Amino acid sequence: MSEFDKHVRNPSKNEKPFNEIESSEIDSTLSLSDSLLLKILEKLPESQSNDVSLVCKRWLNLQGRRLRSLKVLDFDFVLSERLTTRFPKLTHVDLVNACMNPPVNSGILFCHKSICMHLSSESSNWEFLEENLLHSDEIDRGLSVLSRGNCDLLKLVVINATELGLLSLAEDCSDLQELELHKCNDNLLHGIAACKNLRGLRLVGSVDGLYSSSVSDIGLTFLAQGCRSLVKLELSGCEGSFDGIKAIGQCCEVLDELTIVDHRMDDGWIAALSYFESLKILRISSCRKIDASPGPEKLLRSCPAMESLQLKRCCLNEKEGMRALFKVCDGATEVSIQDCWGLSDDSFSLAKAFRRVRFLSLEGCSVLTSGGLESVILHWEELESMRVVSCKSIKDSEISPALSSLFSLLKELTWRPDTRSHLSSSLEGAGIGKRGSKFFKKSVLH
């Protein structure tokens, strides 16, 4: 036996065995409580979070307790209960990508907004998403496991769930505040009333080329009657009509933010917006039509609390639909139109209906001209700020003296209608965009 072995096996009275030195004196963090060590780990930059979890099992577990938000990629991780065991403090969980069963060893990655999945090179149609979705029963089982995990879940994103899965989730996750349901349908919304504390809800019905599902007036009525405390609502790829939207407006009395994306609703739905007493922000995005036949003028009443109207990537060539929309939102103080086609001078002239616009943003509106812009904004007496970007038919050389005078009174002006515009580079020197300037230099225009 070597001297070293003798020393380790028979240490002197004042010396500790080697294994005790290794476990207690070398790892000084063992003397720290979990709560104190967590506070220390929270001070580390986010980039080191993965490194921290590799130090030892204790640090791995503590790091898991720090995590609050997670996008899950493997549904077996949920079914095996490892998700809630490994990350017991989760509040935000996204299961969409985990709810798919993609081909093995595929080198093709498909991404659409929040959805990413691998494709087989043999895919010959656009139904691959529905073909590779996990069965609803399995997803419901995963929701049941997740709800029993004792995590304080506040937000969940899921696809292809059913009413039973939603009910099991609501039973144990009573604090759930935000819910995002992809491939949503009327039957699923029948159980939405169980989620009594919902404040934010996003429903995705159909997505062209990916999956098809139907949310009609029936589902919208279930939603209205069951989620009366909603503050934010997004309807994407949903059907419905005046009746369904009216039900939401009448029942969800504190709803202040509504987003409509790629709607498939029947004509006349815009008039139902008049029933939203607290609505402040209305977003309409990626819609191929607004409302071709909005109905009688007497039904178009103003939303009393409206503050902001935002239009993005929409077709705006239906004059009656635009007239109805601007009438209902005539109290808005902010108007934003981005990358919309069909916004001609005639269509934009309907914006004279707005009574108190303070901020206007136009971006990517290639048909609107300087004259069309001028004919409207000269009627807005409260306009304070304006942003015009990438609107190629608006020319510096066509700015009239009346428009230049208005520019000099604005508090803020961003002016980049096209790449050849010389005005934006000269604004600071001319004092434009600062209320109180007395003149507009002609040299800026040429």
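The values are calculated or read from the model by the stated rules, or taken from the named source; none is laboratory data. Keep in mind that what you see is a predicted model, and the values were worked out from it rather than measured. Here the Cβ positions follow ideal geometry from the backbone for every residue, glycine too, while neighbour counts run over all protein chains shown. Surface accessibility is based on the protein's heavy atoms, side chains included, excluding ligands, DNA and RNA. Shrake-Rupley method; radii C 1.70, N 1.55, O 1.52, S 1.80 Å.
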- Message: At a 10 angstrom cut-off on C-beta neighbours, averaged per residue, how do the peptides 383-394, 288-299, 157-168 rank from highest to lowest?
- Response: 157-168, 383-394, 288-299
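What is the calculated FRET efficiency for K298 to L30, with r their C-beta to C-beta distance and R₀ = 60 Å, to the nearest 0.05?
Efficiency, rounded to the nearest 0.05: 0.20.
Rounded to the nearest 5, what % of DSSP beta bridges with both residues in segment 125-227 are antiparallel?
For segment 125-227, the DSSP antiparallel bridge percentage is about 10.
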- Item | Overall form of segment 132-261 per C-alpha gyration tensor (a/c, 1.5; a/b vs b/c) | oblate
- Query: Which FRET efficiency value, to the nearest 0.05, is calculated for K319 and S69 with the Förster distance at 51 angstrom and r the Cβ-Cβ distance?
  - Reply: 0.70
- Note on the structure: Rounded to the angstrom and largest first, Cα extents along the principal axes for segment 278-411 equal 41, 27, 21
- Do any trypsin sites (Lys or Arg not before Pro) in segment 167-205 lie in a DSSP loop with no more than 14 other beta carbon atoms within 10 Å, and if so, which? K196
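Can you pull the Rg over Rh of segment 220-364, Cα-only, Kirkwood?
0.93
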- Work out, step by step, the length gained on full extension between N50 and E382: first 0.36 nm times the residue separation, then minus their alpha carbon distance; give nm to one decimal. 114.3 nm
- Message: Net charge within 12 Å of L176 by Cβ-Cβ distance, Lys/Arg positive one each and Asp/Glu negative one each, not counting L176 itself?
- Response: -3
- Task: Whenever you get a sec, compute what percent of the accessible area on segment 247-323 sits on carbon and sulfur atoms (1.4 Å probe).
- Result: 46 percent
- Note on the structure: Measure of exposure for D267: accessible area at 1.4 Å probe, Å² rounded to 10, is 70 Å²
- Based on the Cβ-Cβ distance from E42 to E81, what FRET efficiency comes out when R0 is 22 Å, to the nearest 0.05? 0.25
- Task: Given a cut-off of 28 Å, name the pairs among K298/K392; K280/K319; K183/K312 whose C-alpha atoms lie farther apart than that in the structure shown.
- Result: K298/K392
- Search the structure for amide H atoms under 5 Å from the amide H of A305, placed 1.01 Å from N in the peptide plane, and list their residues when 5 or more places away or on another chain. L279
- Query: With every protein chain left in place, what is the accessible area of H135 in Å² (1.4 Å probe, nearest 10)?
  - Reply: 120 Å²
